[in-house]
Amino acid sequence: MSTTRIYADFNGLVRGVRNRQRTAVVLDTFGSLRDLANAGLILEEGMPLIAVDGSDDDEDLEGHGTAQYDRGRKWWVVEFDDLGVRYVRAGNRNSVSEFLCVHCRSPLPITTAEAVFMPNAACHSCGTSVLAPFAPPRMET
């Protein structure tokens, strides 16, 4: 099984959550949310991911790592492995227009970031929150 590639804005680099010596990228963009939803993924701590951002016409920035939740800041990051961020040949940059419900896979009528943050933004078919892929981890008891 291959590791899921998702968009992340590499202008949002921070220190790692588990290892403060590592670099991480915050997952707080419309593109990250859409890519996770379209892949049918709700973030879990330790989930392997590849974060990707365009650099120029020929290269992308890419970082392999794991999803980690920063409880203090209340956001998810991809904490990069020992190799950190690297340049790779530019991948497919065709814009994605589809936004699927992470639960029932129905197409959602969402085309802008503003629509994601509308009050009670949810799937019309099953009621799952549009923000479900970014839900904080459940507290262990």
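Figures for the structure shown
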quantity: Of residues in region 56-93 being more than 18 Å from the chain's Cα centre (by Cα) and loosely packed, with under 11 Cβ neighbours inside 10 Å, the one modelled with the lowest pLDDT; calculated: Asp57
quantity: Matching residues, region 125-141, being closer than 17 Å to Asn38 by Cβ and not aromatic (Phe, Trp, Tyr); calculated: Ser125, Cys126, Thr128, Ser129, Val130, Leu131, Ala132, Pro133, Ala135
quantity: Any hit, region 111-118, residues being of a type outside the set (Asp, Glu), modelled with pLDDT of 85 or more and closer than 20 Å to Thr3 by Cα; calculated: no
quantity: Residues being under 22 Å from Leu49 (Cβ atoms) and either surrounded by 15 or more Cβ atoms within 10 Å (Cβ to Cβ) or touching a Phe, Trp or Tyr at 6+ places or on another chain (Cβ under 7 Å) (or both) - total across region 105-127; calculated: 4
quantity: Pairs where the first residue, in region 122-141, is more than 15 Å from Leu27 (Cβ to Cβ) and in contact (Cβ under 8 Å) with a residue 12 or more places away in the chain and the second is among the hydroxyl-bearing types (Ser, Thr, Tyr) and in a loop (DSSP other than H, G, I, E, B), C-beta under 9 Å, 6+ apart; calculated: Cys123/Ser106; His124/Ser106; Ser125/Ser106; Cys126/Ser106
quantity: Options Ser125, Ser97: the member that is outside any strand (DSSP E or B), at pLDDT 90 or above, among the hydroxyl-bearing types (Ser, Thr, Tyr) and farther than 29 Å from Arg15 by Cβ; calculated: Ser125
quantity: Selected residue [aliphatic (A, V, I, L, M), surrounded by 10 or more Cβ atoms within 10 Å (Cβ to Cβ), farther than 30 Å from Asp57 by Cα and in contact with a Gly (Cβ under 8 Å, 6 or more places away or on another chain)] from Val102, Val130; calculated: Val102
quantity: Residue match in region 39-51 (condition: more than 18 Å from Leu131 (Cβ to Cβ), surrounded by 18 or more Cβ atoms within 10 Å (Cβ to Cβ), without any contact (Cβ under 8 Å) to a residue 60 or more places away in the chain and touching a strand residue (DSSP E or B) at 6+ places or on another chain (Cβ under 8 Å)); calculated: yes
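Table: residues versus (1) within 17 Å of Ser129 (Cβ to Cβ); (2) buried (at least 17 other Cβ atoms within 10 Å of the Cβ).
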{"residue": "Thr3", "(1), (2)": "no, no"}
{"residue": "Ala8", "(1), (2)": "no, yes"}
{"residue": "Asn11", "(1), (2)": "no, no"}
{"residue": "Val17", "(1), (2)": "no, yes"}
{"residue": "Thr23", "(1), (2)": "no, yes"}
{"residue": "Leu27", "(1), (2)": "yes, yes"}
{"residue": "Gly31", "(1), (2)": "no, yes"}
{"residue": "Leu36", "(1), (2)": "yes, yes"}
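Residue-wise test of (1) aliphatic (A, V, I, L, M); (2) free of Cβ contacts under 8 Å to residues at least 24 places away in the same chain; (3) in a strand (DSSP E or B).
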residue	(1), (2), (3)
Val25	yes, no, yes
Asp53	no, no, yes
Gly72	no, yes, no
Glu79	no, no, yes
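The values are calculated or read from the model by the stated rules, or taken from the named source; none is laboratory data. Keep in mind it's a predicted model, so treat the numbers as computed, not measured. When we count neighbours, we look across all protein chains shown, and the Cβ atoms used for this are built from the backbone with ideal geometry, even at glycine.
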